[in-house]
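Let me begin by presenting the structure, written as structure tokens, before commenting on it.
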Number of protein chains: 2
Amino acid sequence: MSNPSSTADNILDCAQTLIVAGGYNGFSYADIADVVGIRKASIHHHFPSKVDLVRTLVSRYREEAEAGIVALEREISDPVEQLRSYIGYWEKCIMDASAPFCICALLAGELPLLPDQVSMQVRAHFRSLAGWLTSVLERGVAQGRIHLNAPARVEAETFMATVHGAMLSARAYGDPRMFATIATPLIERYAARH
Amino acid sequence: MSNPSSTADNILDCAQTLIVAGGYNGFSYADIADVVGIRKASIHHHFPSKVDLVRTLVSRYREEAEAGIVALEREISDPVEQLRSYIGYWEKCIMDASAPFCICALLAGELPLLPDQVSMQVRAHFRSLAGWLTSVLERGVAQGRIHLNAPARVEAETFMATVHGAMLSARAYGDPRMFATIATPLIERYAARH
DNA sequence: GACTACCTACCTATCGGTAGATAGATAGAG
DNA sequence: CTCTATCTATCTACCGATAGGTAGGTAGTC
């Protein structure tokens, strides 16, 4: 009764875990084969090359992220609460170590070495995430719930950069709580009157 | 008349450039040999193993960073100007592409895969940088030049995380100006009255 | 003569990837 | 219903290239 395409999904899931741990050059087909329980050659049947695998992986990741944002927009209307929910999502992922890093943020570090097909997806993720954050901040300003000191686009880029840096610090310190320590006050700042 | 130890330095310089481009697993002894113009085996004469090489590299990097901060403390007394100088340093490095990423920030992404000797140095860099930033902010507060909304330590960690995230964004967008766009307003925020 | 810095030549392990076989499911054609 | 052809997913066995690393030699220098 297992899903006929579950092996491909298992491979992607495994590759994602491995990539979160150490980036594009930090894992091999052999690593995946060991975890999934099939032979190296069988992975090539599902994903002819490593580029195919990672491109598919990042593409799936982006689709899930977009879907997550759509759901968040549907369920929460207040812009400040949307940001809180976004931060809360990552806080949970990092605290339970289920996905303690955004793969696009991690891959961005290796960008000069990435295959074009992958780097394009990484750039696209940055653009779309920054775009969404900008729209949330603009809506918050329009509703009088958010007060900014810089253009919404700049504030959005700063917000995103700080979130990515917070992931880095949580990892560097070996302390998952560091993420929330940095990220949570970010939102309160927008609520403060100036 | 060349410095007898210049080859070792050349190797370190080259390795640093390569590591900035793609992290620990993104370069090889063969890459260094090609650039420096010696054979692979000769690198092993100076640095017996890759771990030795990168440990030495990060150690040198940290010493230079500490020395830079000492010089900065000596030349500039105003805390706000110290932060401006720190950001300005990185802005220059990123704009002229001479060193467009902090190697410790980059290595932090791969931390779970790094040899212990390297990961310890990376952690130490994060601690000492955050420590210095905390002291700058505290001094600024004591002098009435800086106003904070959170404890100095938290503000310092946020500052550092945002700077690292700004490096990531500049790389992801392929636009070195993105660094200053994000990092420069950071300092102005401390000057704002609340 | 010891030491330093480099070399050639080589090692084993692993990398991403390929070739060809096999077993099982499926689907038409008679 | 059965025979045959095809497809899918996996396997074993292998490829050339490259990884980090070693052994042993050589030319120059203190």
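Any read-out appearing in this document is the output of simple, stated calculations on the displayed coordinates, not a laboratory observation. As the structure is a prediction and not an experimental result, all values here were calculated from the model. Neighbour counts are summed over all protein chains in view; Cβ atoms, including those assigned to glycine, are modelled from backbone coordinates with ideal geometry.
Report the charge-dipole magnitude of the range B:59-190 in Debye, nearest 20, computed about the Cα centre from +1 at each Lys and Arg Cβ and -1 at each Asp and Glu Cβ.
Details: 13 positive and 16 negative charges, 27 e Å.
The dipole of the range B:59-190 has a size of about 140 debye.
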Quick one: angle between helix A:6-22 and the longest Cα principal axis of chain A, in degrees between 0 and 90, rounded to 10, please. 60
Cα Rg, Dmax (largest Cα-Cα span) when computed across the range B:1-71, Å: 12.5, 38
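Just need the Rg to Rh number for the range A:132-184, please, alpha carbons only, Kirkwood Rh. Before the final figure, lay out the partial values.
Values: Rg = 13.1 Å, Rh = 11.9 Å.
Ratio of gyration radius to Kirkwood radius for the range A:132-184: 1.10.
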From the label point of A:GLY174, set 7 Å from Cα along Cα→Cβ, how far away are the matching label points in the other copies, in nm, ordered shortest to longest? 3.9
For A:LYS40, counting only aspartates and glutamates whose alpha-carbon sits under 18 Å away and dropping same-chain residues fewer than eight positions off, the answer is A:ASP9, A:ASP13, A:ASP31, A:ASP52
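Could you work out the mean projected area of the convex hull around the alpha carbons of chain A, in square nanometres to one decimal? If you can, show how the numbers build up before the last one.
Values: hull surface 49.4 nm².
Hull-based average projected area comes out at 12.4 nm².
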Output, in nm with one decimal and in ascending order, the distances from the B:GLU64 label point to the matching label points of the other copies (7 Å from Cα along Cα-to-Cβ). 3.9
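Using helices alone, what [θ] at 222 nm do you get for chain A, with -39,500 (n - 2.57) per DSSP H run of 4 or more residues, divided over all residues and rounded to the nearest 500? Before the final figure, lay out each step's value.
Values: 9 runs with 146 residues, N = 194.
Here the helix-only value at 222 nm equals -25000 deg cm²/dmol.
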Taking the number of other C-beta atoms within 10 Å as the exposure measure, put A:HIS46, A:HIS125, B:HIS164 in order starting with the fewest. A:HIS46, A:HIS125, B:HIS164
Run the label-point distances for B:ASP34 please: 7 Å along Cα to Cβ, every other copy, nanometres, shortest first. 2.8
Ratio of the protein assembly as shown's C-alpha Rg to 2.2 N^0.38 Å, to two decimals? 1.03
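How would you rank B:SER85, A:SER49, going from fewest to most other Cβ atoms within 10 Å of each one's own Cβ? Display every interim value, and only then the final one.
Working: B:SER85 15, A:SER49 11.
Least crowded to most crowded, the residues run A:SER49, B:SER85.
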